[in-house]
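J.: Following this message is one structure expressed as structure tokens.
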Amino acid sequence: MPLAFESQSHCTVVFGFFQIESHMLLLNDAFFFADDFCAAVEGLAAGDSALVAGWRITDRAAAGDLHGAIAGRDHGGFIGATYRRWPFPAAPQDFRQNPDGHQTRDLVIPLVERFGDGEDFGLRWDSGAATVSLAETIFSTGEFRRLLDYVARGGYPRWSQDRQPDYVQRMLAGAANLW
């Protein structure tokens, strides 16, 4: 479930996992895979600016209605299409982020391509300003760290069996000395 985070450029933004069987993240209207994001953070920690390949969906109807999709009453747009493919679990204890969700990537790509335009999102650290920007959204380093912690936990509801994917563990190791 995406959560609200504070940015310096766009006030409150929405960031996070939106489908437990996919490892795709959203940041407002930008959609990208968590393993690509984590690899870019590793690059950032190595002192490089990085790009995160993804898709932008600016039309709200094309993006879809998360709450309607979860409830099973609105399968419109990209988010709805993912819930049509992988319905929200009936049992509350099954609502956990799948640590093997990266295996659905080849199934998710055709869905997102129907609704969004491919785009590379910049990820940059400005150590002097103590900020990190992602997809034109500027975060304080502390708030960006909250984004990393969210991914590390598996968002809300957390990783199933608290098992982080390998790409998350690599990101955490690489980002340990970011700031």
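The values are calculated or read from the model by the stated rules, or taken from the named source; none is laboratory data. Because the structure is a prediction, the values reported are computed rather than measured. No Cβ is skipped: glycine too gets one built from the backbone with ideal geometry, and neighbour counts run over all protein chains shown. Each accessible area value is taken on the protein alone, full model and side chains, heavy atoms only, with ligands, DNA and RNA left out. Shrake-Rupley method; radii C 1.70, N 1.55, O 1.52, S 1.80 Å.
J.: Once the principal axes of the Cα atoms of region 1-102 are found, what is the range along each, listed largest first in whole angstroms?
T.: That gives 44, 29, 22 Å along the principal axes, largest extent first.
J.: Distances over 14 Å make up what percent of all Cα-Cα pairs in region 86-126?
T.: 69 percent
J.: Where does region 15-68 land on the Kirkwood hydrodynamic radius, alpha-carbon pairs, in angstrom?
T.: It works out to 12.1 Å.
J.: If you build the Cα gyration tensor of region 103-157 and take the root of 5 times each eigenvalue, what three semi-axes come out, in whole angstrom, biggest first?
T.: Whole-Å semi-axes of the equivalent ellipsoid: 27, 17, 8.
J.: Based on the mean of other Cβ atoms within 10 Å per residue, sort peptides 17-30, 34-47 so the most packed one is first.
T.: 17-30, 34-47
J.: Where nothing but the Cβ of Lys and Arg (+1) and of Asp and Glu (-1) is charged, how large is the charge dipole of the chain around its Cα centre, in debye to the nearest 20?
T.: Dipole of the chain, to the nearest 20 debye: 460 debye.
J.: While we're here: Provide the three semi-axes, in whole Å and in decreasing order, of the ellipsoid equivalent to region 47-139 as defined by the square roots of 5 times the Cα gyration tensor eigenvalues.
T.: 29, 17, 14
J.: Another question about this same structure. With every protein chain left in place, what is the accessible area per residue of region 1-99 in square angstrom, probe 1.4 Å?
T.: Normalised by residue count, the accessible surface of region 1-99 is 42 Å².
J.: Now for a separate question. Karplus couplings for region 45-57 from phi (6.51 cos²θ - 1.76 cosθ + 1.60, θ = phi - 60°), rounded to Hz, Gly and Pro as x?
T.: Working through the residues one at a time gives 5, 7, x, 9, 6, 9, 10, 10, 6, x, 9, 10, 10 Hz.
J.: Shifting gears a bit: With the Cα gyration tensor of the chain giving a ≥ b ≥ c as the square roots of its eigenvalues, does the rule (a/c under 1.5 for rounded; else a/b larger than b/c for prolate; else oblate) give rounded, prolate or oblate?
T.: prolate
J.: Set Lys and Arg Cβ to +1 and Asp and Glu Cβ to -1, take the dipole of the chain about its Cα centre, and tell me which of Gln97, Gln169, Leu44 lies farthest positive.
T.: Gln97
J.: Using the Karplus equation 6.51 cos²θ - 1.76 cosθ + 1.60 (θ = phi - 60°), what ³J(HN,Hα) coupling, rounded to whole Hz, does each residue of region 34-42 give in order, writing x for Gly and Pro?
T.: 4, 5, 5, 4, 5, 5, 5, 5, 4
J.: I would also like to ask the following. For Phe33, which sequence-distant residues (separation of 5 or more, or a different chain) have an amide H within less than 5 Å of its own amide H, given hydrogens modelled in the peptide plane?
T.: Leu25
J.: On to the next question. What ³J(HN,Hα) values, in whole Hz, does the Karplus curve 6.51 cos²θ - 1.76 cosθ + 1.60 give for region 92-105 when θ = phi - 60°, with x put for Gly and Pro?
T.: x, 5, 8, 7, 9, 5, 6, x, 9, x, 4, 6, 8, 3
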